[in-house]
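The values are calculated or read from the model by the stated rules, or taken from the named source; none is laboratory data. Owing to the predicted nature of the structure, the values given are computational and were not obtained by experimental measurement. FYI the Cβ positions are ideal-geometry reconstructions off the backbone, even for glycines, and counts take in every protein chain you see.
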Amino acid sequence: MECLDNDVKFCALLGSLGTCIIRGKHTTSIVEWSVSTIKSYVEDLPGEVEQDKVSRRIINVLERITSFLEPLAEEAAKMNFEDACLFGDYFLSLLITLCGRPFCYLSKSIVETVTYKKLLEKIVTLAVSFTGDILYFLNIVSNRCRNIVGDRSYQDGNTEDCIRGMLFELSDNVSDLAYANFYYHVITEEAFWKNAPQVYRPRYLLETCSYLFKILLGKKQEILVSNGLVFMENVVKRIRPCSVPLYALELKIYEDLFQLIINVMVYRNIDTDRKKAVRIFQEYIGIFNMEARYSVISHLYDTVSEHSGVLSLITGMFKASIVECLDSAPRNPHFLGRNLQLMLRKICNLPHGSLSDLVEISDEVITALNLLRFLLIRDKLNETGVWNMRDTIRSGYLKPLREGIDLCKTHWKVKAMDLERQRKNDDDDMEVTLTVGGEQLPVMPVADKILFCDQAINGLDMMESILVRVNECMDGIEQARANVLSE
């Protein structure tokens, strides 16, 4: 009841403020105080918006604020250019701020309502009316991530340039989250995007929006992470495949984006988000030209060595790039010859030789074996240079892998037999633990432990069958080549 009372008083105050601003010749002090008051009230609204009545309250308050701003936008249109700029900047900073907390926390069920969509449309439409370039502030956001903004000394706080700088550059006035949510809507929704200047290069959008992706994907709220993925995918898709050159990688943001999306792929609990992140990861690698892509893949293989599934995915993209090079005319050399051999040394590598935990790294091993099988079958003429490494691959990878599979299968079969005895004897004192990658698996029923052992053995059987096929390919083609030479 008290909240409702406060909202009624606040909305009544808005009416008086609007009249005062229009009749008061738009003095800076009145406008500044009005915007500050409104921002303070919005900041005091509940941050937790799980209850429908709280969501409705937030929507109602923001609707009244946008209604308060509508006649002021009309008034700004009548002013001369210089007055309109400063007048509009105050209210533009307010509109962007409205997209932050708590508006951005509203649940998906609320976001899908007509009321929400109308409110969002009103916010963006008003923002566009106050500026000729709604994307201008992306550069300010980009500067924030490099810590360019924030250290500036605003000595003469009364100049228009200084006021404008403080309004948009200081995070106390417009938060990172507000910018992120505002530009998420402006850039990903076609109805809003058509009002933005169509002169910005897609790569500029990616480079300036990268900080906003980080803000959204770093939040714990499901809707913000989901929006961050949609945002990043939308911007990445604007870039023509195979168009980003090697020198662009001098900007650290390209590397940072990989780590950002990998974190979602590996640690995100929601399956749909993880799958979407994998798709974005693949699309993102695809924007680099072959020279840059080789550098990216090589670097990633060195930096994500603890994630077997990610390494498997990277190896798959390495294989796809080899195919592109082989099919290109004229022949693109970047994934062939010495470059291919350098990558194979990384891919065909067991971290602890035959003692490696093959269950932990099964994804990357199976993908590596499939890559070798593909190369041996496809490249009988040694166009890629893979045959120059046959002795190294045999002795340094295939042989210890053969030994490792035998050791691992024996280990898991013994574990399975111990668990069967425990189940038959119903012996609680006979506790059999399972360890993968040096970490003990969580407590689970004996039946689940047995199932895990069976799955581990089945995975090793699959690995073994591909290994046998790789050795057969290598032996068969070597024999065929020897026969040709002897004739």
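The condition of being of a type in the set (Asp, Glu) and closer than 18 Å to Gly309 by Cβ holds for only one of Asp363, Asp406, Asp391, Asp418, that being Asp363.
Scanning region 380-401 for residues that are free of Cβ contacts under 8 Å to residues at least 40 places away in the same chain and in a loop (DSSP other than H, G, I, E, B) yields Leu381, Asn382. Within region 238-245, not a single residue is of a type outside the set (Val, Ile, Thr) and assigned to a helix (DSSP H, G or I). Can you list residue pairs whose Cβ atoms sit under 7 Å apart, with the first residue in region 219-235 being among the basic types (Lys, Arg) and the second being surrounded by 17 or more Cβ atoms within 10 Å (Cβ to Cβ)? Count only pairs 6 or more apart in sequence or on different chains. Listed by first residue and then by second, the contacts come to Lys219/Val225. What about Met232, is it out of contact with any Leu (no Cβ under 7 Å at 6 or more places or on another chain), farther than 22 Å from Glu189 by Cα and either in the same structural domain as Val186 (by the TED database) or assigned to a helix (DSSP H, G or I) (or both)? Taking the combined requirement at face value, the residue does not satisfy it. Kindly indicate the residue of region 111-136 that is crowded, with 21+ Cβ neighbours inside 10 Å and in a loop (DSSP other than H, G, I, E, B) and also modelled with the lowest pLDDT among those meeting that condition. Across region 111-136, the extreme among qualifying residues is Phe130.
Starting from residues that are of a type in the set (Lys, Arg) and out of contact with any helix residue (DSSP H, G or I) (no Cβ under 7 Å at 6 or more places or on another chain), keep the ones in region 338-364 and report whichever is surrounded by the fewest Cβ atoms within 10 Å (Cβ to Cβ).
Keep residues of region 338-364 that are of a type in the set (Lys, Arg), which gives 338, 345-346.
Of the ones still in play, those that are also out of contact with any helix residue (DSSP H, G or I) (no Cβ under 7 Å at 6 or more places or on another chain) are 338, 345.
Numbers: Arg338: 10, Arg345: 14.
Residue satisfying both the conditions and the ranking: Arg338.
A search for C-beta distances below 8 Å between a residue of region 199-213 that is in the same structural domain as Thr188 (by the TED database) and part of a helix (DSSP H, G or I) and any residue that is modelled with pLDDT of 95 or more and surrounded by 20 or more Cβ atoms within 10 Å (Cβ to Cβ), counting only pairs 6+ apart in sequence or on different chains, returns nothing.
For region 403-422, a tally of residues being within 17 Å of Gln455 (Cβ to Cβ) and not hydroxyl-bearing (Ser, Thr, Tyr) returns 13. Inclusion of Thr315 among residues that are out of contact with any Ser or Thr (no Cβ under 8 Å at 6 or more places or on another chain), more than 20 Å from Lys399 (Cα to Cα) and among the hydroxyl-bearing types (Ser, Thr, Tyr) is not warranted.
Might you let me know whether region 383-392 holds any residue that is under 22 Å from Gln479 (Cβ atoms) and among the acidic types (Asp, Glu)? First the steps, then the outcome.
Initially, region 383-392 is screened for residues under 22 Å from Gln479 (Cβ atoms), giving 383-392.
Now restrict to residues that are among the acidic types (Asp, Glu): 383, 391.
Looking for residues that are under 22 Å from Gln479 (Cβ atoms) and among the acidic types (Asp, Glu), one finds at least one in region 383-392, hence yes.
Mind listing just one residue for me: the one in region 385-407 that is surrounded by 18 or more Cβ atoms within 10 Å (Cβ to Cβ) and modelled with pLDDT under 95 and, of those, nearest to the chain's Cα centre (by Cα)? Within region 385-407, the match that is nearest to the chain's Cα centre (by Cα) is Val386. Could we say that Val42 is closer than 21 Å to Asn173 by Cα, among the β-branched types (Val, Ile, Thr), over 38 Å from the mean Cα position of the chain (by Cα) and modelled with pLDDT of 80 or more here? For Val42, the condition - closer than 21 Å to Asn173 by Cα, among the β-branched types (Val, Ile, Thr), over 38 Å from the mean Cα position of the chain (by Cα) and modelled with pLDDT of 80 or more - is not met.
Restricting attention to region 424-440, does a residue exist that is hydroxyl-bearing (Ser, Thr, Tyr), under 28 Å from Val310 (Cα atoms) and at pLDDT below 95? Outline the logic, then answer.
Step one: list which residues in region 424-440 are hydroxyl-bearing (Ser, Thr, Tyr), which gives 433, 435.
Subsequent filtering for residues that are under 28 Å from Val310 (Cα atoms) retains 433, 435.
Checking the rest, the ones that are also at pLDDT below 95 come to 433, 435.
Taking every residue of region 424-440 in turn, at least one turns out to be hydroxyl-bearing (Ser, Thr, Tyr), under 28 Å from Val310 (Cα atoms) and at pLDDT below 95.
Working only within region 365-383, note down all residues that are modelled with pLDDT under 95 and either touching a helix residue (DSSP H, G or I) at 6+ places or on another chain (Cβ under 8 Å) or buried (at least 22 other Cβ atoms within 10 Å of the Cβ) (or both). Passing the criteria: Leu376, Ile377, Arg378, Asp379, Lys380, Asn382, Glu383. Close contacts from region 288-312, counting a first residue that is at pLDDT 95 or above and a second that is assigned to a helix (DSSP H, G or I) and of a type in the set (Lys, Arg), with Cβ to Cβ under 9 Å and a gap of 6+ residues or different chains, come to Ser298/Lys346.
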